[in-house]
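The values are calculated or read from the model by the stated rules, or taken from the named source; none is laboratory data. Just so it is clear, the structure is predicted and the values come from calculations on it, not from any experiment. Here Cβ is always computed from backbone atoms with ideal geometry, including for glycine, and neighbour counts include all displayed protein chains.
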Amino acid sequence: MKRWESQRQWLTKEREQVLDRLQHSGEYGLDDPMNDELGELSGYDNHPADIGSELFERGKDLALRDLDHIRLQQIDQALQAIDEGRYGVCNRCGSPIPEERLEANPLAALCLACKQEDERLHPMRERPLEEAFLHPGFGRTATDDTSNVAFDGEDAWEAVARFNQRPSYARDYEGYGNVSLDDNEGVVEQTDRISNEEYESQLP
C-alpha cells in the first residue's frame, strides 16, 4: 500500500474537489431553475430558438455535473483497489499496469493494450447517442431489403430532391454545352440592378 501512496494522495485530493463541486450546485450554475435565471414568467416562448442558447448552457452544466458523478465513482473504485491490494493490476487481463501510466493517470484501470482494444471494440461509446440513432441513413424507415413496398423515408427524400433539379443546368454540368438561363435566375427588378457606381455616375 505504501507503494501507491502518491496515487492515494492525488486520488484523495481529487475526491475532495469533486465532492465539493457536487455539494454546491452553484459550481455548475444549477442553483436556480432556468426560468428564474432568465427572468421569464414562462419557458414556453413563441419559438424554441428564443431560449436556445440558455438551454444549451443548461444542458452543458448538467453534463458537467454527470461527468463529476462518474469521476467520483472511478476515484472510489481506485481507492478501494489500493486498500484491497488490487491497484495497478489490469481489470481485464490481470497483468501489471506500468507505473508510468499510473503516474500519468491514477484512474487507469486497464493496461495500455487492453485500453486500446477496448477503444477499438467500442469506438462509438464516447460519441453522441444521436449518432447511433441516425446511422445508417434512413435506417428507421428503410424498406429496400424487405418485401414491404411502402413509400419509405428514402423515397420521401428522393421525391423532395426532384423539386430542386434543373435539367438544363444538369446538361451544362455534364458537358452538353452552354445552356442559357431560362428561369430568370439572378434577374431582379430594373431599379435593383443599378449599382452604386452607376448611380453615382448619373449624378449631376
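Could you check, for segment 19-26, whether at least one of its residues is modelled with pLDDT of 85 or more, surrounded by 10 or more Cβ atoms within 10 Å (Cβ to Cβ) and not in a helix (DSSP H, G or I)?
no
In this structure, does GLU5 turn out to be acidic (Asp, Glu) and at pLDDT 85 or above?
yes
Hey, which of the helices (runs of 4 or more DSSP H) in segment 47-128, taking only ones fully inside, have at least 2 residues that are β-branched (Val, Ile, Thr) and either surrounded by 15 or more Cβ atoms within 10 Å (Cβ to Cβ) or at pLDDT 90 or above (or both)?
It comes to 52-84.
Could you please give the count of residues in segment 92-119 that are closer than 30 Å to TYR28 by Cβ and without any contact (Cβ under 8 Å) to a residue 24 or more places away in the chain?
Qualifying residue count for the region: 6.
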